[in-house]
Structures are given as structure tokens and as C-alpha cells.
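The values are calculated or read from the model by the stated rules, or taken from the named source; none is laboratory data. Note that this is a predicted model, so its numbers are computed, not measured. Cβ coordinates were reconstructed from backbone atoms using ideal geometry, including for glycine residues, and neighbour counts include every protein chain displayed.
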Amino acid sequence: MNLITVNEAKCIKCELCIKECPVAFLKMGSHGPEEIENNHCISCGHCTAICPNSAIDNKKSPLEDQIDLKDFTKLSEKQAEYFLRSRRSIRNYKTEPVSREKLTKLIDIARLAPTASNSQGISFIVVQNKQLLEQALEMTIQIIENSPLRHLVEEAIKSYREDGYDSVFRGAPNLIIATSDKNFSNGRNNAISCLTYLELFAPSLGLGSCWAGIFEHCIAIEDSPLLKLFNIPKDKKVVGAVMVGYPKYSYNRLVDRNPLDATFIE
């Protein structure tokens, strides 16, 4: 199947699309860029995105679906720094549920994250059912109560059993679970990238998020009852999970981290 279409009247044969292609899918022909037989396009869209004259189109990354950046104003260095640093793990949430519209915006941004060789392969389960989350909380506590790692989360178990405090989902009204095919080797890494995009975008919607690490550990156990609770197909595996909701409190300052530890080799 031919993927590439070239408008010869617009093509100036600058070869930018060829030089930028990460998998050497293109070569220069007599009439412009051509596909190299038996090479594999990974649908990254570099060729169509970089063309100065919109002369090349690709069925896997159609030109008509791309957004023109000519009027895009980039963040300043300081704005970008503050944007990235202002993201925080939110562990106290309002009871107000998040609309499906906002949740859809979150996962739609997540799917656009960079992945290994543009392999993508991440699907999302968005949990809005509060009763289901309460069931998952109880199951998770039961699992860690009988786990060799119990000593690491003893306080979480105690606070839940004695005071009903939720140390697993922190009272968040929503949970987003990332899954991939069981035999997909890039599942975990790709999910980290996708959910990081989600977390960075969340504050722009007035939302907060936090990785649900205890839950992730428990649902990853072989034959975990949590897999059945969330109807995870047999051919799928959970590769990430974050809780989402409206933050109960706001932060007024950016917090520093450990001092930079870097080595430059020249």
C-alpha cells in the first residue's frame, strides 16, 4: 500500500522529510520523496509536520489532521519551568465528581505522549463509580494485609481499619487505569509517558492527580481479584494507574528538590 502522496507543484525537494524520517522510509525520486520498498513507517508524522510547503501527505499521519503551528506562541523559559514544577501529587480531594468531558480530555492528551518507536499501545479504563472504588479499596487493603510487604504499609492498613482513612485512593472520586497487551514489552514505559502527560495537563482543567502505587502493586499480582473487579481482559495487563479529582487544598509555592547531580563528559 502506498502511504505517501506528493504535490509536485509544491515540493521543492529540500529533503527535510527524508532527513527527519527516523526509520529511513523515504528516498528522493525524480518527482519528489518516494517510499523505500520493505521499509516500515511508524506513523510518527515527522514527514508531514516538517514540510515547509505542505507538499507531502501520509495516510498514517494525514496532513488534514495536523494543527498548524504558525500562530502558536511558545511558553517562555520561566513559564515552562513554573508549569512543570507546579505539578504536585494531590492526596486530598473534594468529593465533587469530575465530568466525563474533563476525564475524556485528560486521556485524550495522554494518548498523544511520546512512546518507544511511536508504538503507543496504551488503553485506558476510567472509573467513575464511587462504590466500585470503595470495593477496590477494601480488596487492596485485604491483599496487602496478607502480603510479605505488609510491614511497608502498616500505617496505611491501621488508619483504614481504625479510622476508615483511605491511603490507597486518598478519597479521589476517579481512577484512571492504563492497560496494554500482555506481550507488549513497552507497556509500562509507554504508560509512564502517557500518564505523565495526563498529570501535567490536569491542573489546566482545575484537577489534581497522584499515582496509585499501592493499588498498582496489588492489581499486578497474578490472579489478583482486582483484575476481575475491573474486568481486565485475560490478554491485557495493568501498566499504570492514577487517581484524579478536584484538589481539596491549593499550593502557594514551588518546592525545590535535591541538588542537581550531573556529570558532563566533553
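Might you check whether a residue that is outside any loop (DSSP other than H, G, I, E, B), in contact (Cβ under 8 Å) with a residue 60 or more places away in the chain and out of contact with any Pro (no Cβ under 7 Å at 6 or more places or on another chain) occurs anywhere in the stretch 85-92?
Taking the stretch 85-92 first, the residues outside any loop (DSSP other than H, G, I, E, B) are 85, 89.
Within this subset, residues satisfying the condition of being in contact (Cβ under 8 Å) with a residue 60 or more places away in the chain are 85, 89.
Those left that are additionally out of contact with any Pro (no Cβ under 7 Å at 6 or more places or on another chain): 85, 89.
Looking through the stretch 85-92, at least one residue is outside any loop (DSSP other than H, G, I, E, B), in contact (Cβ under 8 Å) with a residue 60 or more places away in the chain and out of contact with any Pro (no Cβ under 7 Å at 6 or more places or on another chain).
Within the stretch 115-124, is there a residue that is outside any strand (DSSP E or B) and of a type in the set (Val, Ile, Thr)?
Going residue by residue through the stretch 115-124, those that are outside any strand (DSSP E or B) are 115-122.
Then keep just the ones that are of a type in the set (Val, Ile, Thr); that gives 115, 122.
Taking every residue of the stretch 115-124 in turn, at least one turns out to be outside any strand (DSSP E or B) and of a type in the set (Val, Ile, Thr).
Answer with yes or no whether Ile177 is assigned by TED's automatic domain parsing to the domain that holds Lys94 and buried (at least 19 other Cβ atoms within 10 Å of the Cβ). Criteria met by Ile177. Test of understanding: among Gly206, Gly240, which residue is at pLDDT 95 or above, in the same structural domain as Arg100 (by TED's automatic domain parsing) and over 23 Å from Ala191 (Cβ atoms)? Result: Gly206 is the single residue among Gly206, Gly240 that is at pLDDT 95 or above, in the same structural domain as Arg100 (by TED's automatic domain parsing) and over 23 Å from Ala191 (Cβ atoms).
Evaluated against (1) more than 19 Å from Leu103 (Cβ to Cβ); (2) touching a Phe, Trp or Tyr at 6+ places or on another chain (Cβ under 7 Å), Pro247 falls short on exactly one condition, (1).
If you go through the stretch 127-160 and keep only what is crowded, with 18+ Cβ neighbours inside 10 Å and within 11 Å of Cys218 (Cβ to Cβ), you end up with Ala136, Leu137, Met139, Thr140, Ile141, Ile143, Ile144, Val153. The number of residues in the stretch 227-242 that are of a type in the set (D, E, K, R), outside any strand (DSSP E or B) and under 21 Å from the mean Cα position of the chain (by Cα) comes to 1. Counting only strands (runs of 3 or more DSSP E) that fall entirely inside the stretch 1-50 and contain at least 3 residues that are within 22 Å of Asp65 (Cβ to Cβ), the qualifying elements are 4-6, 32-35. Residues of the stretch 76-115 that are of a type outside the set (A, V, I, L, M, F, W, C), in contact with a helix residue (DSSP H, G or I) (Cβ under 8 Å, 6 or more places away or on another chain) and at pLDDT 95 or above: Lys102, Lys105, Arg111, Pro114, Thr115. Taken together, the residues in the stretch 162-198 that are in a helix (DSSP H, G or I) and polar (S, T, N, Q) amount to 4.
Among Asn174, Asn129, which is over 30 Å from Arg85 (Cβ atoms), modelled with pLDDT of 90 or more and not acidic (Asp, Glu)?
Asn129
Is at least one residue of the stretch 103-110 of a type in the set (S, T, N, Q) and either assigned to a loop (DSSP other than H, G, I, E, B) or closer than 30 Å to Ile12 by Cα (or both)? No, every residue in the stretch 103-110 fails to be of a type in the set (S, T, N, Q) and either assigned to a loop (DSSP other than H, G, I, E, B) or closer than 30 Å to Ile12 by Cα (or both). Out of Leu106, Leu69, Leu84, one residue alone is surrounded by 12 or more Cβ atoms within 10 Å (Cβ to Cβ), on the phi < 0 side of the Ramachandran plot and of a type outside the set (S, T, N, Q). It is Leu106.
Considering every residue within the stretch 35-44, establish whether at least one is at positive phi and modelled with pLDDT under 95. Quick ask: steps written out before the conclusion?
As a first pass, look at the stretch 35-44 and keep what is at positive phi: 38, 43.
Filter again for modelled with pLDDT under 95, leaving 38, 43.
Taking every residue of the stretch 35-44 in turn, at least one turns out to be at positive phi and modelled with pLDDT under 95.
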